[in-house]
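Novice: Here's a structure for you.
Nothing in this text is a laboratory measurement; each read-out follows from the coordinates by a stated rule. Only a predicted model underlies this, so the values are computations on that prediction, with no experimental measurement involved. Quick reminder, even Gly has a Cβ in these numbers, built from the backbone with ideal geometry, and neighbours come from all protein chains shown.
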Amino acid sequence: MRCLAGILSIAIAAATGLLCSAEDAAPRHDRNVRLEVLIADLSGPLEGNGEMTVERFKELEKQGKLESTVKLGLTTLDGSKATIQYGENVPVAMGKTVAGPNRAVAVNYVVQSVGTMLSVTPRVDADSSVLLELKIERSRLTGGQDNGDPNAFKPATTLTVTADTKVRVAPGKASVTEARQAEGQESRQSWIIVTAEVVEAK
């Protein structure tokens with residue numbers, strides 16, 4: 001697996017508030033935190049004011065303007081780490097072998113795991129806001145060339161982007177994290193939208 005050689009910048013929306021507080025409350029294991037994570041990808045600039053919200057995410061998804069979307073939901077205890085993985089194992093052609101008197105071509109495959117992995121540790125503060133330690137790793141296949149000529153064959157590569165950050169989610173609000181990726185002439189934008197709800201255990 002080859003890590004993305006390019007630029008990864010993360011901008012936390014100002015509406016999410018401060019990242020730390022002197023009045024942070026100690027974790028309580030008698031309450032759960034319900035999380036919803038929306039991830040949107042887009043090649044090229046976002047039309048309009050360039051800001052992403054939950055409402056705009058749903059609108060763009062309905063219009064089919066997003067390149068890809070991922071929706072993840074999970075619940076964990078206050079102060080406890082939770083991990084979820086969404087993806088698939090994909091056979092990837094890595095080479096070709098020409099053998100025999102008939103010059104038969106055999107394709108060599110390896111299995112690559114691609115997709116999204118999310119790890120998050122929530123911490124509920126006294127004001128009911130939630131501080132999230134968030135780590136997202138995303139991988140996808142790119143490139144590759146196969147025009148039938150074994151000598152010109154080029155295998156696909158796996159690009160991996162990892163974002164490791166902390167964000168605060170205010171009650172009833174959403175945290176929006178924007179990531180920009182650039183490699184050569186290719187440019188992509190990704191938005192990670194997180195909502196958190198504190199649920200008292202019964």
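Novice: Residue by residue through the stretch 101-108, which ³J(HN,Hα) values in whole Hz follow from phi under the Karplus form 6.51 cos²θ - 1.76 cosθ + 1.60 (θ = phi - 60°), with glycine and proline marked x?
Specialist: Once rounded to whole Hz, the list reads x, 8, 6, 5, 9, 10, 8, 9.
Novice: Here's something else I'd like to know. I'd like the Karplus ³J(HN,Hα) series for the stretch 53-62: coefficients 6.51, -1.76, 1.60, θ = phi - 60°, whole numbers in Hz, and an x wherever there's a Gly or Pro.
Specialist: Karplus values, whole Hz, x for Gly and Pro: 10, 4, 5, 5, 4, 5, 5, 5, 5, 5.
Novice: Calculate, for VAL105 and LYS71, the FRET efficiency according to 1/(1 + (r/R0)^6) with r their C-beta to C-beta distance and R0 35 Å; round to the nearest 0.05.
Specialist: With a Förster radius of 35 Å, E is 0.30.
Novice: Measure up LYS71/LYS96; LYS62/LYS154; LYS58/LYS81; LYS58/LYS154 against 31 Å on the Cα-Cα distance and list the ones that go over. Mind showing how you got there, number by number?
Specialist: Values: LYS71/LYS96 37 Å; LYS62/LYS154 36 Å; LYS58/LYS81 28 Å; LYS58/LYS154 37 Å.
Checking Cα-Cα distances, LYS71/LYS96; LYS62/LYS154; LYS58/LYS154 exceed 31 Å.
Novice: Testing the spin-label approximation: label points 7 Å from Cα along Cα→Cβ at VAL90 and LYS58. State their distance in nm.
Specialist: Inter-label distance under the simple model: 3.0 nm.
Novice: Pop a pseudo-label 7 angstrom from the Cα along the beta-carbon direction at both VAL98 and LYS81 and give the gap in nm to one decimal.
Specialist: It works out to 5.0 nm between the two label points.
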